[in-house]
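Beneath this line is the structure, given in structure tokens, with notes to follow.
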Ligand SMILES: [Ca+2]
Ligand SMILES: [Ca+2]
């Protein structure tokens, strides 16, 4: 038993290594008590420990760098590409991901759908004026930057 430790007189349980809900969410043991008689008499009890999930996993983008190309003069709202990040947490609330773009760079040209990660144009792009855009997309705890050539 490498997770829990019992002291001789009382039953105190100590965690001896880090617990990770995503790796293992429950532990079960049989606790044995013996007396000092001859022969020794014993009693047993089942011990179950359930680990409670917390938001400890960071979202990770599927690739570290996206590169998209889009033709100039397309109508506003044209799809440029889609980014996707996943989060290993088990609780749906803890693994929900939202996407944001650094507004300083691209607010007049591009937008990202907070739910889907789809990137769409906010203006008609002109390659002679704007040959490339570098975009930073964030979710709540992580960011990624990519280059879009027009
Ligand atoms: Ca998370
Ligand atoms: Ca977790």
Problem set entry | Condition broken by residue 81, with the remaining ones in (1) surrounded by 14 or more Cβ atoms within 10 Å (Cβ to Cβ); (2) assigned to a loop (DSSP other than H, G, I, E, B) satisfied | (2)
For this session: With respect to residue 69, determine if the residue is more than 16 Å from ligand 1 (Cβ to nearest atom) and under 26 Å from the mean Cα position of the chain (by Cα).
Result: no
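Per-residue answers, yes or no, for (1) within 16 Å of ligand 2 (Cβ to nearest atom); (2) part of a loop (DSSP other than H, G, I, E, B); (3) out of contact with any strand residue (DSSP E or B) (no Cβ under 8 Å at 6 or more places or on another chain); (4) under 17 Å from residue 118 (Cα atoms):
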residue: 36; (1), (2), (3), (4): no, yes, yes, no
residue: 43; (1), (2), (3), (4): no, no, no, no
residue: 63; (1), (2), (3), (4): no, yes, yes, yes
residue: 72; (1), (2), (3), (4): no, yes, yes, no
residue: 77; (1), (2), (3), (4): no, yes, no, yes
For this session: Write out, first by first residue and then by second, each pair whose Cβ atoms fall under 6 Å of each other, whose residues are 6+ apart or on separate chains, and whose first residue, in region 38-51, is within 15 Å of residue 27 (Cβ to Cβ) while the second is in a strand (DSSP E or B).
Result: 45/31; 47/29; 47/31; 48/28; 49/27; 50/26
Exercise. Within region 76-89, is even one residue touching a residue at least 60 places away in the same chain (Cβ under 8 Å) and within 16 Å of ligand 1 (Cβ to nearest atom)?
Worked result: yes
For this session: State yes or no: is residue 135 touching a helix residue (DSSP H, G or I) at 6+ places or on another chain (Cβ under 6 Å), under 17 Å from residue 62 (Cβ atoms) and modelled with pLDDT under 90?
Result: yes
Exercise. Can you tell me which of 76, 31, 63 is farther than 30 Å from residue 131 by Cα and loosely packed, with under 14 Cβ neighbours inside 10 Å?
Worked result: 31
Exercise. Which one of 68, 94 is under 30 Å from residue 116 (Cβ atoms) and either more than 16 Å from ligand 2 (Cβ to nearest atom) or part of a loop (DSSP other than H, G, I, E, B) (or both)?
Worked result: 68
Seminar exercise, completed: Picked from region 96-107 (must be exposed (fewer than 15 other Cβ atoms within 10 Å of the Cβ) and more than 30 Å from residue 128 (Cβ to Cβ)), the residue nearest to ligand 1 (Cβ to nearest atom) is 96
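The values are calculated or read from the model by the stated rules, or taken from the named source; none is laboratory data. Bear in mind that the values here come from a model prediction, so they are computed numbers and not experimental data. Here Cβ is always computed from backbone atoms with ideal geometry, including for glycine, and neighbour counts include all displayed protein chains.
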